[in-house]
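Participant: Following this message is one structure expressed as structure tokens.
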Amino acid sequence: METSRPFLSEILGEVEQAPGVRQRLIAELEGMLEQRTVVCFYTSFAFPVRIQDRDADMLEAVLHGRSLEKGLTLVIDSPGGDPLAAERIISVCRSYTGGDFEVVVPRRAKSAATMVCLGASRIWMGETSELGPIDPQVIVRAGERVSVHSAYEIIESYRTLVRQATRAKGRIEPYLQQLAAYNAADIEAYEREQALAESIALEALRTGMMKGSTEKAIRRRIRPFLDPRVRLAHRRRIGPDMAQKAGLCVARMDIRGDLWSKVLELHERAAYVVSTKFMKLVESRDHSFTVPAPAQGA
């Protein structure tokens, strides 16, 4: 059944009533999810901010002392961050719920945020929801220029040059000149980061929604998340169809239904505040933790 919902302009016009309006929506969403505890976890796509250890502390502060016998549903929207912080968030959510931990992805849960989703027992997604690859990204600075590159691509380009130099007959100076641009210690660090991200994802699934499957089978099924060659770009979307095909436990939300309408209204309000006033938001129906956005010109 189609439902009517406020226009985005109406929602944004009322955003200064937050957190009260958002918390009311959280309470209403809990009613639609059989009284499961609902917590929002948002980090900004507009400001330079990452998922960090402190976020797990904020989540634990929200969960501590709550009655969670009905389970936890985490509404998550984030570009990602530290894989170890994602692992801690999974641990906090599982510890306080005995493993009855689900996530809702209204729009985008990318990179380390995807890792958090892999640690859940179920992932709620609409047709426009997005997960993404979890391969590590590297910030490269050349003078004043800052760019982001795939650790996998840097490692592979280094390995290719080494192979070419080893097999070259005659002059190898051109290869050595190119190899001089790489730092072997950095390459080893990138390899460790790559192995860490894969290890966290495999462990989260082996002890969660893919319990009983071998590590080899899990790695094969979630290849679109692990291997950059499958999706070709770190930011490329992994939607509910591909997530299900990879063996994830995905619950589909009808984008014309009441549940999606409620989730989307809550999302629009939460996403707005972490694009303007705050960089991070961790919020339940009765607690709200925020990290202020940097002052303009700071």
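No lab work stands behind these numbers, since they all come straight from the coordinates. Note that this is a predicted model, so its numbers are computed, not measured.
Participant: Over its Cα atoms, what ratio of radius of gyration to 2.2 N^0.38 Å does the chain give?
Facilitator: Working it through for the chain, the quotient is 1.10.
Participant: What is the stretch 107-208 by shape, rounded, prolate or oblate, if you read a ≥ b ≥ c off the alpha carbon gyration tensor as root eigenvalues and call it rounded for a/c under 1.5, prolate for a/b larger than b/c, and oblate otherwise?
Facilitator: Because a/c hits 1.5 or more and a/b exceeds b/c, the stretch 107-208 counts as prolate.
Participant: Next question. So between SER91 and LEU179, what do we pick up on full extension, going 0.36 nm a residue minus the alpha carbon distance?
Facilitator: Additional length available on full extension: 27.6 nm.
Participant: Determine the gain in length on full extension of the stretch THR128-LYS277; use 0.36 nm per residue of separation and subtract their C-alpha separation, reporting nm with one decimal.
Facilitator: Stretched out fully, the THR128 to LYS277 stretch lengthens by 51.1 nm.
Participant: Okay, next question. Can you tell me how much longer the chain between ALA233 and GLN164 gets when fully stretched, taken as 0.36 nm per residue apart minus their C-alpha distance, in nm with one decimal?
Facilitator: 22.3 nm
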